[in-house]
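Undergrad: Please find one structure pasted underneath; my questions will follow.
The values are calculated or read from the model by the stated rules, or taken from the named source; none is laboratory data. Predicted model only: the values in this text are computed from it and were never measured. Neighbour counts are summed over all protein chains in view; Cβ atoms, including those assigned to glycine, are modelled from backbone coordinates with ideal geometry.
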Amino acid sequence: MVKRYQLVDAKVIEAEDGQQGQIIVYINPDEAEKKHLLEDYRLDEHTLNSTLDPDEISRLEFEPDHVAMIFKRPKNYSSQDHFLFKVASMGVFLFKDRLIVLLTDDIQLFTGKLFMRVTSLLDVALRLIGRTIYHFMEHLKVINMITDSLEQKINTAMENKYLLNLFTLEKSLVYYLAAINSNSMLIGKIKNSAAKLSMTPENMELLDDVTIESNQCARQAEIYSNILASLMDARASIVSNNINVLMKTLTIITISIMVPTLMVSIFSMNVEIPLNERSPLYFWFVMGLAVISVFVFLILWKRKSDRHFQSRA
């Protein structure tokens, strides 16, 4: 799928039907569109395939008639991902009079305050990198909210489901941190190549802002990842402790039932018992012994538990 945009009054707007547009966005291009890009725009085939590869690292390449920028962006999250936030690649090819953007899926590119005052195609390319950084920060906030929700559920959980979800989020943060650091290296290369790109003071100022945002985003992702990793053992212990408490409760209930059952079974044996079985109080005598045995067991259990906690203290 192809979308075309134009620069009008320092804004990026979608081109009307029949207009070529200075900015061309290819979304998951098919074989015919790839052939068009290779033959008409003379894009490098390896670079083109790298743009669609989610495992490709960010990089900057100078070709005879254009500049190629490949950087990482967060992929749109869906419920089918099961708490795994994935990373995708994005390619920007800057010509003198044209900007080509390659994506694997359809996302909103030119929205928000960042694209209110755009002066050139290079400015658009730099703002796309900045928009990617903001996108990462938005996803980090969502991951933090999901983590807080899972932590509350783990406190009362008896199974590993929520703990496995946290492991998945931790894996996502590792991917995000690697992608953000890769983008930071690309931003550094762009800054070092400012003369080749004929960057203006306004472009340099924008690039400095993007660099600061990228560093803050990387630091935030690193903090979230370290906190999640350091507390994972404690959360696993919580789940294990909840199971131990449950087993203890079931053990008490089981023994509480077995003790009166034993008393009743003794008096139900088919042997001589030194009591008058025909007495109207015989039944209540046996039931009374069963109830007393339960109370005696609970008192002994409570004393033993109190001594255990006092010895540990």
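Undergrad: Enumerate the pairs (first residue in the range 188-200 and at pLDDT 90 or above; second residue anywhere and of a type in the set (D, E, K, R)) with beta-carbon separation below 8 Å, excluding pairs fewer than 6 apart on the same chain, so at least 6 apart or on different chains.
TA: These pairs meet every condition: 189/59.
Undergrad: Taking only the range 112-135 into account, find how many residues are assigned to a helix (DSSP H, G or I) and without any contact (Cβ under 8 Å) to a residue 24 or more places away in the chain.
TA: Selection size over the range 112-135: 3.
Undergrad: Could you list all residues from the range 85-102 that are assigned to a loop (DSSP other than H, G, I, E, B) and either surrounded by 18 or more Cβ atoms within 10 Å (Cβ to Cβ) or among the acidic types (Asp, Glu) (or both)?
TA: If the condition is that a residue be assigned to a loop (DSSP other than H, G, I, E, B) and either surrounded by 18 or more Cβ atoms within 10 Å (Cβ to Cβ) or among the acidic types (Asp, Glu) (or both), then 85, 97 are the ones that fit.
Undergrad: Please tell me if residue 60 is in contact with a helix residue (DSSP H, G or I) (Cβ under 7 Å, 6 or more places away or on another chain), within 22 Å of residue 131 (Cα to Cα) and in the same structural domain as residue 106 (by TED's automatic domain parsing).
TA: yes
Undergrad: Exactly one of (1) under 20 Å from residue 89 (Cα atoms); (2) surrounded by 12 or more Cβ atoms within 10 Å (Cβ to Cβ) is unmet by residue 31. Its number?
TA: If we test residue 31 against (1) under 20 Å from residue 89 (Cα atoms); (2) surrounded by 12 or more Cβ atoms within 10 Å (Cβ to Cβ), just (2) comes out false.
Undergrad: Here's a follow-up. Restricting attention to the range 52-69, report how many residues are in contact with a Ser or Thr (Cβ under 7 Å, 6 or more places away or on another chain), buried (at least 18 other Cβ atoms within 10 Å of the Cβ) and without any contact (Cβ under 8 Å) to a residue 40 or more places away in the chain.
TA: The qualifying residues number 2.
Undergrad: Specify which of the listed residues (133, 100) is touching a Cys at 6+ places or on another chain (Cβ under 6 Å) and at pLDDT 90 or above.
TA: 133
Undergrad: A further question on this structure: If you check residue 109 against the conditions, is it part of a strand (DSSP E or B) and touching a residue at least 24 places away in the same chain (Cβ under 8 Å)?
TA: It is false that residue 109 is part of a strand (DSSP E or B) and touching a residue at least 24 places away in the same chain (Cβ under 8 Å).
Undergrad: Also, I was wondering about something else. Would you check if there is a residue in the range 228-242 being in contact (Cβ under 8 Å) with a residue 40 or more places away in the chain, under 30 Å from residue 294 (Cβ atoms) and more than 15 Å from the chain's Cα centre (by Cα)?
TA: Yes - at least one qualifying residue is present in the range 228-242.
Undergrad: Let me spell it out: the conditions are (1) free of Cβ contacts under 8 Å to residues at least 12 places away in the same chain; (2) crowded, with 18+ Cβ neighbours inside 10 Å; (3) not polar (S, T, N, Q), and residue 36 meets all of them except one. Which number is the exception?
TA: (2)
Undergrad: Right, another one. Name the residue that is surrounded by the most Cβ atoms within 10 Å (Cβ to Cβ), counting only residues in the range 103-130 that are modelled with pLDDT under 90 and of a type in the set (Asp, Glu).
TA: 106
Undergrad: Right, something else. Is there a residue being more than 20 Å from the chain's Cα centre (by Cα), among the hydrophobic types (A, V, I, L, M, F, W, C) and under 16 Å from residue 25 (Cα atoms) anywhere in the range 49-56?
TA: For the range 49-56, residues more than 20 Å from the chain's Cα centre (by Cα), among the hydrophobic types (A, V, I, L, M, F, W, C) and under 16 Å from residue 25 (Cα atoms): present.
Undergrad: Right, next: With the requirement that a residue be in a helix (DSSP H, G or I) and more than 32 Å from the chain's Cα centre (by Cα), what does the range 185-204 give you?
TA: Answer for the range 185-204, where residues must be in a helix (DSSP H, G or I) and more than 32 Å from the chain's Cα centre (by Cα): 192, 201, 202, 203, 204.
Undergrad: Right, here's the next one. What do you reckon, is residue 181 in the same structural domain as residue 301 (by TED's automatic domain parsing), polar (S, T, N, Q) and under 29 Å from the mean Cα position of the chain (by Cα)?
TA: no
Undergrad: Please work out if residue 150 is part of a helix (DSSP H, G or I) and farther than 29 Å from residue 44 by Cα.
TA: Taking the combined requirement at face value, the residue satisfies it.
Undergrad: Among (1) outside any loop (DSSP other than H, G, I, E, B); (2) surrounded by fewer than 14 Cβ atoms within 10 Å (Cβ to Cβ), where does residue 173 come up short?
TA: Only one criterion in (1) outside any loop (DSSP other than H, G, I, E, B); (2) surrounded by fewer than 14 Cβ atoms within 10 Å (Cβ to Cβ) is unmet by residue 173, namely (2).
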